[in-house]
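Student: Take this structure, written in structure tokens, and hold onto it; I'll ask about it next.
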Amino acid sequence: MIDCLFCKIATHAIPVKAVYEDDLTLVFPDINPQAPMHLLVIPKQHFADATQAPAELLGHVLKVAANLGERELAKGFRIVANTGQDGGQTVHHLHLHLLGGRRMTWPPG
């Protein structure tokens, strides 16, 4: 999508400090971190949210987030996918938030 911020990031039209990249995903720090470690895991292909993406891609994106969490956040982490306006989604390109580095509370908000 031409006006999608994350599509521009995925194609490197907007530079970010990539933490991880493969053929399907890109991982980079959130510009408004909610935890000591707050990364965004995005697919390079545009899907508005988790309801639009194929299961294989969802699995890959989740596995990338889980692998990074396991490697970087030994005490635990949270993976979040905000979907839709009431779900708190502000960028309409599927993305997962990987949060950690502090104790996560429940309910989240």
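Student: Show the residue pairs that are 6+ apart or on different chains and have beta-carbon atoms under 8 Å apart, the first residue being within the stretch 6-31 and free of Cβ contacts under 8 Å to residues at least 60 places away in the same chain and within 16 Å of HIS92 (Cα to Cα), the second being hydrophobic (A, V, I, L, M, F, W, C) and surrounded by fewer than 12 Cβ atoms within 10 Å (Cβ to Cβ).
Tutor: Listed by first residue and then by second, the contacts come to LYS8/ILE14.
Student: Does ILE31 satisfy the condition of being surrounded by fewer than 19 Cβ atoms within 10 Å (Cβ to Cβ) and of a type in the set (Val, Ile, Thr)? Even if it seems obvious, please write down each step before you answer.
Tutor: Numbers: surrounded by fewer than 19 Cβ atoms within 10 Å (Cβ to Cβ): yes; of a type in the set (Val, Ile, Thr): yes.
Answer is yes for this residue.
Student: Same structure again: For ILE42, state whether it is crowded, with 17+ Cβ neighbours inside 10 Å, of a type outside the set (Phe, Trp, Tyr) and closer than 23 Å to ASP86 by Cα.
Tutor: Yes, satisfied.
Student: In addition: Condition (residue is closer than 17 Å to LEU5 by Cβ, outside any loop (DSSP other than H, G, I, E, B) and not small (Gly, Ala, Ser)) applied to the stretch 76-95: is it met by at least one residue?
Tutor: no
Student: Related question: Starting from the stretch 67-91, take each residue that is touching a residue at least 60 places away in the same chain (Cβ under 8 Å) and list its partners that are of a type in the set (Phe, Trp, Tyr), counting only C-beta distances under 9 angstrom and pairs at least six apart or across chains.
Tutor: VAL91/PHE6
Values quoted throughout were computed directly from the atomic coordinates according to the rules given, and no laboratory measurement underlies them. Values in this document were obtained by computation on a predicted structure and should not be read as measured data. Every residue, glycine as well, gets a Cβ built from its backbone with ideal geometry; the counts of neighbours run over all protein chains shown.
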